[in-house]
1. Looking at the structure I just gave you, is I318 buried (at least 19 other Cβ atoms within 10 Å of the Cβ), farther than 21 Å from A194 by Cβ and either without any contact (Cβ under 8 Å) to a residue 40 or more places away in the chain or not polar (S, T, N, Q) (or both)?
2. Where residues in segment 16-58 are assigned to a loop (DSSP other than H, G, I, E, B), at pLDDT 95 or above and under 21 Å from the mean Cα position of the chain (by Cα), which of them is surrounded by the most Cβ atoms within 10 Å (Cβ to Cβ)?
3. Which one is nearest to P8 (Cα to Cα) among residues in segment 134-162 that are of a type in the set (G, A, S) and in contact (Cβ under 8 Å) with a residue 24 or more places away in the chain?
4. Assigned to a helix (DSSP H, G or I), touching a helix residue (DSSP H, G or I) at 6+ places or on another chain (Cβ under 8 Å) and β-branched (V, I, T): is that true of V283 in this structure?
5. Of the numbered conditions (1) in a loop (DSSP other than H, G, I, E, B); (2) crowded, with 24+ Cβ neighbours inside 10 Å, A302 satisfies every one except a single condition; which is it?
6. Take R235 and tell me if it is modelled with pLDDT under 95, out of contact with any strand residue (DSSP E or B) (no Cβ under 8 Å at 6 or more places or on another chain), of a type in the set (K, R) and assigned to a helix (DSSP H, G or I).
7. Look at V76 and say whether it is modelled with pLDDT of 95 or more and either assigned to a strand (DSSP E or B) or in contact with a Leu (Cβ under 7 Å, 6 or more places away or on another chain) (or both).
8. If I ask for residues that are in contact with a His (Cβ under 8 Å, 6 or more places away or on another chain) and more than 13 Å from S190 (Cα to Cα), which ones from segment 277-318 would you list?
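The values are calculated or read from the model by the stated rules, or taken from the named source; none is laboratory data. No experiment lies behind these values; they were computed from the predicted model shown. Methodologically, a virtual Cβ is constructed for each residue, glycine included, from the backbone with ideal geometry; neighbour enumeration extends over all protein chains shown.
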Amino acid sequence: MSETILPPLSETLAQIRPVQPRFRNEADQRLEQLTKPPGSLGQLEAIGAQCYAIAEGNWAVPLGKAAYVFAADHGVTQEGVSAYPSAVTAQMVENFLHGGAAINVLARLHDVRLTIVDVGVDAEFSAHAALWQRKVRRGSRNLRVEPAMTAREVAAALNVGVEAADDAHSRNARLVAVGEMGIGNTTAASALAAALTRQPVEAVTGTGTGISSTARQSKQRVIGEALDRHLPRWRTDTVAPLEALRCVGGLEIAAMTGFFLGAARHRQIIVVDGFIATAAAAVAVALAPAVRDFLLAGHRSAEPGHAHLLRHIGLTPILDLQMRLGEGTGAVLAMPVIASAMHILTEMATFASAGVSAASA
């Protein structure tokens, strides 16, 4: 798949501008003036400064929060890579729509508007206010034996994600997150992680939904065979990101990639969830390095490939709770921390305004 055959994507990429260093410098200067020892708030200071730079110092716009959960099935489940049957993808989408999943609980608690996007579930759903029906096809193909998607399907899924980012922007959501649901998607994410980071398949492949050690070894063989079949030089050469996405990715991963690109275009603060979402973020950063400026890692997943992807992109996770659920849960959990960092930067008194003596040495 050529990296230049997607005109709508090219338009989005052309509109992504990096964060301007002068705004980060402004934030750092203010942090030095706040009534605290330098660096005493640790990572909160870096988070606040990054958000200030993304917003270009404009804090007047309300900090609306939104999360989009992209759902799709995976043909590779035919290889026995998951402890759960593919039918669970559709069942969990119904659970989301009835408000019963972990992401629903967290979104309600933290006032995050939640949208579920069917980009490739092998089922049909009734209309629902929280559901976007944007199905590209009923699940990806079995990546072990053939490319997961066609070029046209990748383009369509990417556009779904861009559309979702446009929706968030139109609703004044400045703090946004993505999540996913798709039985088999840790297999696709592991394949992408290996291809993009050149790490051994064994290093980036975990137990996913809780498979046995024997099943994990089988999963690793499936991924290795897929990579060798579709991307034969992946161990030694840089892999074209869209080609990797087409061959060993998934529809929801492609849609999340599009969301990251679209949200960066709108200069939104983007919270990346766990392993699968970070695989999509790695593709987005490979396509447009400036996307990195807008990303915050919500947490570090217990999936081993996640640490490799975070290091590859250059992201420091906000939380580390040994979670591996997906759904956007880690990203939404991190949102109160991000909001706290932003309020500290703007609402704390300075030494001068509070009449507090600054350090002399």
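1. Working: buried (at least 19 other Cβ atoms within 10 Å of the Cβ): yes; farther than 21 Å from A194 by Cβ: yes; either without any contact (Cβ under 8 Å) to a residue 40 or more places away in the chain or not polar (S, T, N, Q) (or both): yes.
Yes, satisfied.
2. I16
3. Only one residue tops the list, namely A155.
4. yes
5. Looking at each condition in turn, A302 falls short on (2).
6. On the way: modelled with pLDDT under 95: yes; out of contact with any strand residue (DSSP E or B) (no Cβ under 8 Å at 6 or more places or on another chain): yes; of a type in the set (K, R): yes; assigned to a helix (DSSP H, G or I): no.
Here the answer is no, as R235 does not meet what is asked.
7. In short, yes.
8. Narrowing segment 277-318 to residues in contact with a His (Cβ under 8 Å, 6 or more places away or on another chain): 278, 282, 300, 317-318.
Answer for segment 277-318, where residues must be in contact with a His (Cβ under 8 Å, 6 or more places away or on another chain) and more than 13 Å from S190 (Cα to Cα): R300, P317, I318.
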